[in-house]
Amino acid sequence: MGSAATAAEPLGVIRPMLATPGNPPDSDGWAVEFKWDGYRGLAHCQGRDVRVFSRNDLDFLVRFPELGVLPELLHHRTAVLDGEIVALDEEGRPNFGLLQQRDKFAPGVRELRRTRPSIAYFVFDLLHLDGRSLLNTPYDVRRAMLSELALPGNHAVQVPPSFPDTEPDDVLHVASQYGFEGIVSKRTKSTYEPGRRSPSWIKTPFRYTQEVVIGGWRAGQGNRAGRIGSLLLGAHDEQGRLVYVGHVGTGFSREVLADLQRDLERRARPTSAFDVEVPREHARDARWVDLGLVGEVEFRQWTSDGRLRHPAWRGLRPDRDPSSVVLPPRR
C-alpha cells in the first residue's frame, strides 16, 4: 500500500522550504547547520529511478550524473530528499566558481573529477520515506530518520552535520575557518513548509548575495571595446514590477564574458523589458535583451535608493526562474 501511495504522487510537486535572513537565534530549541554554496535540489527516488529537481523544476540529474548513485545508496527504497548540490575544490571545500564550470548542456563533464567526487549532494532533510510523508514531522525527527538511512560519506551523496543545542556563534566561527557561506539555524520542532520562506529557518551568511535578472548590457571601453562592459540588473519589487537595481562589471573571466555575450546577443530586443524606467545615465547606449537569464552577485550593501553597492558577478543561476527573483524585504 505504501508503494502504491508513492507511485500516485507526481514528481516535482514539493517546493523547497526557504530560510529567512537574520541573526542567529539566542533561544533554546534550535539546531545549526553549515550553509552550503551551491544549487538547491530535491531528489525523488523510487526503486531504481531518481530525478533531482531545482527550484524551477529543472532536472539536475542531466547536469550532475554523479547523483545517479542515489537509488543504490538507498537500497532502492522510495524517498524524497532535500539538499544542496555543491562543487568541491581540492581541499574538499564548496566552491561556487567550480560549479559554474559545469556546462548546462553538457552532461557528465569529467574535467572536474579528482581523487574525490568533485560534485557532492549534501542531503540535510528527508521529506518522504517508503510512501509516508514527513512534511508534518518535526525537524529533529526527520534528521534522526535521515541519519538512520546511513548514507555513506565517501560518495557524491553525503549527510552534513547538524548541531542541536549548540551556540550558533561557535558554528559560525567554524564555518568562517573552513570558508563556508555561513550557517542556517533551524527550529528543532518545526515542520517542513514547502515553498515558504519561514522564520523557523534563519540563514546567517558572511556576505550578502542577491539573485538578479539580466535586462541588458552596455559595451565596455579599452580592452572591452565592443564587448560587455557591464550588465544591467533587475529584481521584482512588492508590486511584481521588474525594477533596476544596478549594474555589474567585475567578477568576470574572459571566457564567461564571451559566453554571456553570445547568449545575450541571441536575446536582443529593441526596447527595455524593465517595468520601471532605467535611469538615463545607465540606459544610454544600452543593449536590451529578453528576460531569461538569472545571475547572482555579491555586494556590500543596499543604497538608500535601492541599488547594489559594489556588486561583483558570481555566476549564472540556471536553477532560478526570472519571475522568482525578488527584492529583499525592507527593514
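Pick out the one residue from 233, 264 that is buried (at least 18 other Cβ atoms within 10 Å of the Cβ), assigned to a strand (DSSP E or B) and modelled with pLDDT of 95 or more.
Values: 264 fails: assigned to a strand (DSSP E or B).
Selected residue: 233, the only one of 233, 264 that is buried (at least 18 other Cβ atoms within 10 Å of the Cβ), assigned to a strand (DSSP E or B) and modelled with pLDDT of 95 or more.
For residue 142, indicate whether it is outside any strand (DSSP E or B), at pLDDT below 90 and among the charged types (D, E, K, R).
no
How many residues does the stretch 172-205 hold that are assigned to a strand (DSSP E or B) and either more than 16 Å from the chain's Cα centre (by Cα) or closer than 17 Å to residue 39 by Cα (or both)?
12
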- Considering the stretch 26-53 alone, what residues qualify as being of a type in the set (Asp, Glu), outside any strand (DSSP E or B) and at pLDDT 90 or above? 28
- Query: When you look at residue 248, is it out of contact with any strand residue (DSSP E or B) (no Cβ under 6 Å at 6 or more places or on another chain), surrounded by 12 or more Cβ atoms within 10 Å (Cβ to Cβ) and farther than 23 Å from residue 18 by Cα, yes or no?
  - Reply: no
- Among the residues of the stretch 250-261, how many are closer than 17 Å to residue 216 by Cβ and outside any helix (DSSP H, G or I)? 1
- Output the residues belonging to the stretch 296-313 that are crowded, with 21+ Cβ neighbours inside 10 Å and within 19 Å of residue 264 (Cβ to Cβ). 297, 311, 313
- In the stretch 210-230, the residues that are in a strand (DSSP E or B) and either free of Cβ contacts under 8 Å to residues at least 24 places away in the same chain or of a type in the set (Lys, Arg) (or both): 218, 225, 229, 230
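Those residues that are among the charged types (D, E, K, R) and either out of contact with any Leu (no Cβ under 7 Å at 6 or more places or on another chain) or not assigned by TED's automatic domain parsing to the domain that holds residue 290 (or both), I need them from the stretch 304-331; list them, please.
Correct list: 305, 307, 309, 314, 317, 320, 321, 330, 331.
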- Task: Of all residues in the stretch 54-79, count the ones that are touching an Asp or Glu at 6+ places or on another chain (Cβ under 9 Å) and in a strand (DSSP E or B).
- Result: 1
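Scan the stretch 182-189 and give yes if some residue there is among the aliphatic types (A, V, I, L, M), surrounded by 15 or more Cβ atoms within 10 Å (Cβ to Cβ) and outside the structural domain of residue 30 (by TED's automatic domain parsing), otherwise no.
For the stretch 182-189, residues among the aliphatic types (A, V, I, L, M), surrounded by 15 or more Cβ atoms within 10 Å (Cβ to Cβ) and outside the structural domain of residue 30 (by TED's automatic domain parsing): absent.
The values are calculated or read from the model by the stated rules, or taken from the named source; none is laboratory data. Remember, it's a predicted structure, so these values are computed and weren't measured experimentally. Methodologically, a virtual Cβ is constructed for each residue, glycine included, from the backbone with ideal geometry; neighbour enumeration extends over all protein chains shown.
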